[in-house]
Every structure is written in C-alpha cells, then in structure tokens.
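Student: Below are the structure tokens for one structure; questions will follow.
Just so it is clear, none of the values below were taken in a lab; they were calculated from the coordinates. Note that the coordinates shown come from a computational prediction; the quantities given were computed from them, not determined experimentally. A quick note on method: Cβ atoms are made from the backbone with ideal geometry, for glycine too, and the neighbour counts reach across all protein chains shown.
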Amino acid sequence: MPDSNQHPPIRSFVLRDGRMTLAQKNVLETSWPRHGIDFSKAPLDLNKIFGRHAPRILEIGTGMGGATAQMAKSHKENDYLAVEVHRPGVGSLMRQIEERKLSNIRLMSHDIIDILKYQLPENSIDCVYIFFPDPWPKKKHYKRRLINSSLLILIKSILKNHGRLFIATDWEDYAEQIIELIKHETDVINLAGNNQYAPRPRWRPMTKFEKRGLDKGHLVFDFALAFNY
C-alpha cells in the first residue's frame, strides 16, 4: 500500500491531446515501429538505434515538430532524439519525418524526467535543446515549470563532458528565473557570462511558439550553458 503521506510528483505538463488529423493518426500508427522508442527502464543503445556513431541531440518538447525536422534535414551529420508528450505534436513530427525521408530522428513520448533517469545512458548526449517550454505564466503554477535544479542535475548526468544545454524562452520572468537559478548552481557555466543572455544561435529555426511570442511583442531570451565535471 502506498504511503499516504507521499504526494505525486509535480509534472511540468498536462496532457491536452487535442485533435489529431487522420493523416497524423495513420502515420503515427504505421511509422512508430520505425521511428518511435517506447519507454522502459533499460538504458538505450543509441548507436544500435541509429545505426551509426554521430553527435546526439536531445530536444525536450518539440511542439508540432517543424523546427526539429528542419534541423534534422539541415544537419544530417547529427542524430536527434525528440521528446514530446502531446500526441498531435508527435503525429505531426512523424508525418514530417516520412515526407522528408529523415533517418536521423527518433521520437519518444514519455515524461522527460523518467527518460533522463532511466533510459538515457550517462555521457551519451552532446547537446540538449529546450526551446520555448510551457511558461506556466500564473505565479501559482511556477512550480510546474520544467527548468529547475533537479532537471539540471539530470541533464548533466547524460551530457558528455563537452556537452551544451541551449534554452530559449519568450517569457521575461521565466528568463529571469533561469538567470537566478544558474547563478546559484555551482556546476552550471553560463557561457554568455554571469547574468547575461546568449546571442540567438543562427542554427535555431523559428518555431511557431517563438513567432507567436514575437507577434505579441515579447522579447526572446537565449541561454547557452555548460557544466563543470
């Protein structure tokens, strides 16, 4: 019997499946065995999964997958592990993989915390991308925000020693919260300098969420982080 004093973990997402198109449903059903990775607590053999040795990028939260597919097409030298929990987004990215005949993306649809804890081996990832995570704008929901000390510890464990973490958000108070967070994390290196934001990477495509924020007059804040080992 579970301990009644234990509380379930606070998740950074709420499943809102929304409407999937018939095309998204069909491609998700038929293509998942080729491009999808089911969750288990056994560490993955990424070289076997991708069939080669290559730089590995973990993207946490791909939205509808347009930017992910664009990066994978433009940088075929990299392998991309795309994590998205919302089925319409997974279906959309799967459709783009098929249409563009991309062989360097694999999809995962599970809580990123479990994936980092159990499924990704230590020192297996070259870069982690977190672009425009859910801002949870109401102050009472700040505790749901994805980026916190626990996440950074998990990311450090799966990154290679030269690995990088890239973050972007268009919510200023979220950016300020991240600045405060990394200021007090002694293992985290802000490559732009203390209390500074990084230039927008040229290789980062415009996402739907970024465009929506810019249309509302939001600024975009980028981070380029490394870790002490």
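Student: So who's got an amide H within less than 5 Å of the one on Gly36, skipping anything under 5 residues away but keeping other chains? H placed 1.01 Å off N, in plane.
Tutor: The answer is Leu107.
Student: Can I ask one more? Packing-wise, with mean Cβ within 10 Å as the measure, how do 109-118, 166-175 rank, highest first?
Tutor: Working: 109-118: 17.3, 166-175: 20.2.
Most protected by this proxy first, the peptides run 166-175, 109-118.
Student: Turning to a different aspect of this structure: How large is ³J(HN,Hα) for each residue in the stretch 47-60, as worked out from phi by the Karplus curve 6.51 cos²θ - 1.76 cosθ + 1.60 (θ = phi - 60°), to whole Hz, x for Gly and Pro?
Tutor: 5, 5, 5, 8, x, 6, 9, 7, x, 10, 10, 9, 10, 9
Student: Aspartates and glutamates within cross-link reach of Lys41: Cα-Cα under 17 Å, excluding same-chain residues under 8 positions apart?
Tutor: Asp111, Asp114, Glu122
Student: Which percent, nearest 5, of DSSP beta bridges in the chain are antiparallel?
Tutor: Details: 9 of 29 bridges.
Taking every DSSP beta bridge with both residues in the chain, the antiparallel ones total about 30 percent.
Student: For every helix of n ≥ 4 consecutive DSSP H residues, a contribution of -39,500 (n - 2.57) applies; sum these over the chain, divide by its total residues, and give [θ] at 222 nm rounded to the nearest 500 deg cm²/dmol. Walk me through the numbers before you get to the answer.
Tutor: Working: 7 runs with 72 residues, N = 229.
So the helix-based figure for the chain works out to -9500 deg cm²/dmol.
Student: For Lys76, give me every one of the lysines with a C-alpha distance below 27 angstrom, ignoring sequence neighbours fewer than eight places off in its own chain.
Tutor: Partners found: Lys25, Lys48, Lys101, Lys156, Lys160, Lys208, Lys211.
Student: Please identify the trypsin sites (Lys or Arg not before Pro) of the stretch 44-94 that satisfy two criteria: DSSP loop assignment and at most 16 other Cβ atoms within 10 Å. Which are they? Walk me through the intermediate numbers first.
Tutor: Values: sites: Lys48, Arg52, Arg56, Lys73, Lys76; in loops: Arg52, Lys76.
In loop regions of the stretch 44-94 (DSSP not H, G, I, E or B), the sparsely surrounded trypsin sites (Lys or Arg not before Pro) are Arg52, Lys76.
Student: Right, next: By counting other Cβ atoms within 10 Å of each Cβ, how are Lys41, Lys156 ranked from fewest to most? Provide the component values of the computation, followed by the final result.
Tutor: Working: Lys41 8, Lys156 21.
Fewest to most other Cβ atoms nearby, the residues stand as Lys41, Lys156.
Student: Using the 10 angstrom Cβ neighbour count as an exposure proxy, how do Thr21, Thr207 rank, fewest first? Intermediate results must be reported in sequence, preceding the final value.
Tutor: Working: Thr21 12, Thr207 21.
Exposure proxy ranking, most exposed first: Thr21, Thr207.
Student: About its Cα centre, what dipole magnitude does the chain give when the only charges are +1 on Lys and Arg Cβ and -1 on Asp and Glu Cβ, stated in debye to the nearest 20?
Tutor: On the way: 34 positive and 26 negative charges, 110 e Å.
Dipole about the Cα centre, nearest 20: 540 debye.
Student: Defining a contact as two alpha carbons under 8 Å apart and six or more residues distant in sequence, what relative contact order in percent does the stretch 37-227 show? Before the final figure, lay out the partial values.
Tutor: Details: 322 pairs, mean separation 40.7, N = 191.
About 21 percent, as a whole number.
Student: In whole Hz and in residue order, list the ³J(HN,Hα) couplings for the stretch 160-167 that follow from phi through the Karplus curve 6.51 cos²θ - 1.76 cosθ + 1.60, θ = phi - 60°; x for Gly and Pro.
Tutor: 6, 4, 9, x, 10, 10, 10, 10
Student: State the answer as a single residue: which of Leu28, Phe166, Trp136 lies farthest towards the positive end of the charge dipole of the chain, with beta carbon charges of +1 for Lys and Arg and -1 for Asp and Glu, about the Cα centre.
Tutor: Leu28
Student: Here are labelled values, [x] 155; [y] 136; [z] 116, and one is the computed volume of the Cα convex hull per residue in Å³ for what I pasted. Which one?
Tutor: Label [x] holds the value from this structure.
Student: Sticking with this structure for a sec: Using alpha carbons only, how many angstrom separate the centre of the stretch 186-206 from the centre of the stretch 96-163?
Tutor: Comparing the Cα centres of the stretch 186-206 and the stretch 96-163, I get a distance of 17 Å.
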